[in-house]
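Down below is the structure, laid out as structure tokens.
The values are calculated or read from the model by the stated rules, or taken from the named source; none is laboratory data. The structure presented is a predicted model; accordingly, all values stated were derived computationally and were not measured. Counting neighbours? That spans all protein chains shown, and the Cβs are built from the backbone with ideal geometry, glycine included.
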Amino acid sequence: MITLVYPKEDENIYLIYDGIAFGPYDQLYNFNGNPIGFDGSLRKMVSSKGFFHDNNVEHHKFVGKFEYYPLVGGIVPFPSTSYPRKVKIPCIRYTGASLWYESNYGLAVPGGTSWRCGSSVMGARHYAFTRGLDNSWSYVMIITGPGPSYNVQYVYETKFTQITKGTGDAGTLKYYWESRKAGLNSSTSGINWNQSQSFATIMGEFNRALKTTGSNLSSSVLLYRTNPGAVLGPGEVTKRIDSFIANLFPDGCPILEKHYGDLAMEASQTVNANETNMLEFLRDLRHIKSMVPNLKNFTHLSGLRKAKKLASNYLGIKFGVMPTAHDLTVIWDAFKKHKPYLDRNGWPTYTAGYHVEETHGDFSWTLTQRIKLAIADEDSAIQSLIGKMDNIGVLPTFENLWDLIHYSFVVDWFVDVGNFLERVDSGLRIARLNIRYATMSRRTHVEGSNIEPSASFPFAGTVHWVHYHRWVSDQCPVPPLSLKFKTDPQTHWVEGGAMLLQRVK
């Protein structure tokens, strides 16, 4: 559902203060607006029959809130060297005469920003605009010193408290004004304050600053009205917003998704109660005493013999004691493992997921993938025996046999043979398991926040798009096979050096 806040007929007054236009207001200087709800044309919900009570689903949902600013529709950009956001605003005086007001900082919108360029003799200035729950405006202003450093010198917050009408276009604004000492300046925070900054950056600098003083002040302001001929009707407004949303999001997600075969590999591995290579564990357990470092007469050794002994002890701890202790923990956890969830058919189900969040441009993306495997008991006695051996970690898989080879882990530092064989084993496991169906899902969530109005799109707001797709298959995806070379084998230089030192004659 998209919510449009459309100004009421009498909410057509704008306040001009400090080179910024604020509004709209009604005759009592309040704003409420008329909320209008509508569904976007891209909203979709379809489903179809899948397998074993799991259905295919595709759902597009949009949630957003926009405010219509009629004044923006007639704005003409009029940037200058010092004021990149300067505009000409068409207004009507209280006498009824038309006027083009030149606003150095443009029109204030919630979550919007504006700024002034600095120079060698003049500092830069930044604004961040907000509007509270009571619809009263406030803004944060940052003033820097002159170039080339443009260090932050002053931080102010101004909150509007009362507006009164005077004669003609004049009015009086009462406001609460709070001064703060500068927090981190640009030389330490790494922010170039002589360029446009985001709302979050300006507010972050404000929150770092230390509060010093606050006072209630008043100032003269100008009050103008919107030209009613430039106001779009609600129907036209909703059409424009719907068209904007339809072209807002790209067809593809910029986040690289995970192969569902890799997710199937993770889910199928949870079938096993014990993930430890018991063949390797039992082999090493025969020589448990040799794993414990021998410190006898260590202090009497010298030179190369002491270095070799130290290297031997390090390798014993690194590749003997620590892995064995970890394996014992994994085996113990396997005994405490919960039973899998049973679906409506009484089949155990095993799941795996992938979740990542990234920011691209003005949009925040979230990708969530999941897979569910429903596995029935094996009818074949041989297959059941193989499954039980795999379950407790004594099946001679390619990966288990590779781990039994001395120094195979050293090869894995350079070529990821172990991971390649794990994928081979996973493909064979998936083919061996009695997988009745696989349910896969993909959820993409895109959030566009602080969308600022322009002459062609006089609306401000936020929008969320959620695309959810779930499909069911009687075929389980398998992990792709790839043999990768490690790009950074030097990370094991300590272990490699200890091995070389141990073998020096």
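When LEU173, LEU107 are checked against the criterion of being of a type in the set (A, V, I, L, M) and over 31 Å from the mean Cα position of the chain (by Cα), a single residue qualifies: LEU173. Would you pick out the residues in the range 70-79 that are part of a loop (DSSP other than H, G, I, E, B) and in contact (Cβ under 8 Å) with a residue 12 or more places away in the chain? Scanning the range 70-79 gives GLY74, ILE75, PHE78. Of the residues that make up the range 433-454, is at least one charged (D, E, K, R), assigned to a strand (DSSP E or B), touching a Ser or Thr at 6+ places or on another chain (Cβ under 8 Å) and modelled with pLDDT under 90? For the range 433-454, residues charged (D, E, K, R), assigned to a strand (DSSP E or B), touching a Ser or Thr at 6+ places or on another chain (Cβ under 8 Å) and modelled with pLDDT under 90: present. One residue alone among PHE38, PHE51 is over 30 Å from THR349 (Cβ atoms) and either under 34 Å from the mean Cα position of the chain (by Cα) or at pLDDT below 85 (or both), and that residue is PHE38.
Among the criteria (1) free of Cβ contacts under 8 Å to residues at least 40 places away in the same chain; (2) over 30 Å from SER98 (Cβ atoms); (3) loosely packed, with under 13 Cβ neighbours inside 10 Å, the one GLU236 does not fulfil is (2). Does THR201 satisfy the criteria of being exposed (fewer than 15 other Cβ atoms within 10 Å of the Cβ) and among the polar types (S, T, N, Q)? For THR201, the condition - exposed (fewer than 15 other Cβ atoms within 10 Å of the Cβ) and among the polar types (S, T, N, Q) - is not met. Of all residues in the range 106-129, those satisfying the criterion of being of a type in the set (Ser, Thr, Tyr) and under 14 Å from PHE199 (Cβ atoms) are THR113, SER114, TYR127. I want to confirm something. Restricting to the range 144-161 and keeping residues that are within 31 Å of the chain's Cα centre (by Cα) and farther than 15 Å from GLN195 by Cβ, which single residue is surrounded by the most Cβ atoms within 10 Å (Cβ to Cβ)? It comes out as VAL155. Evaluating ARG85 against the criteria (1) surrounded by 19 or more Cβ atoms within 10 Å (Cβ to Cβ); (2) modelled with pLDDT under 85 leaves one unmet condition, (2). Note on the range 196-221: residues that are under 17 Å from THR144 (Cα atoms), more than 24 Å from the chain's Cα centre (by Cα) and among the small types (Gly, Ala, Ser) amount to 1. The residues listed here are THR95, THR113, THR164; of these, the one that is over 29 Å from the mean Cα position of the chain (by Cα), of a type in the set (S, T, N, Q) and modelled with pLDDT of 90 or more is THR164. Here the condition is being aliphatic (A, V, I, L, M), touching a helix residue (DSSP H, G or I) at 6+ places or on another chain (Cβ under 9 Å) and part of a loop (DSSP other than H, G, I, E, B); of LEU28, LEU4, LEU42, it holds for LEU42 alone.
Listed here are the residues, each with its yes/no results for (1) more than 19 Å from GLU452 (Cβ to Cβ); (2) buried (at least 17 other Cβ atoms within 10 Å of the Cβ); (3) not aromatic (Phe, Trp, Tyr).
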| residue | (1), (2), (3) |
| --- | --- |
| TYR175 | yes, yes, no |
| LYS181 | yes, no, yes |
| TRP193 | yes, yes, no |
| LEU217 | yes, no, yes |
| ARG225 | yes, yes, yes |
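Just one of the listed residues (GLY118, GLY40, GLY112) is in contact with a Phe, Trp or Tyr (Cβ under 8 Å, 6 or more places away or on another chain), outside the structural domain of GLY166 (by TED's automatic domain parsing), touching a residue at least 40 places away in the same chain (Cβ under 8 Å) and surrounded by 15 or more Cβ atoms within 10 Å (Cβ to Cβ), namely GLY40.
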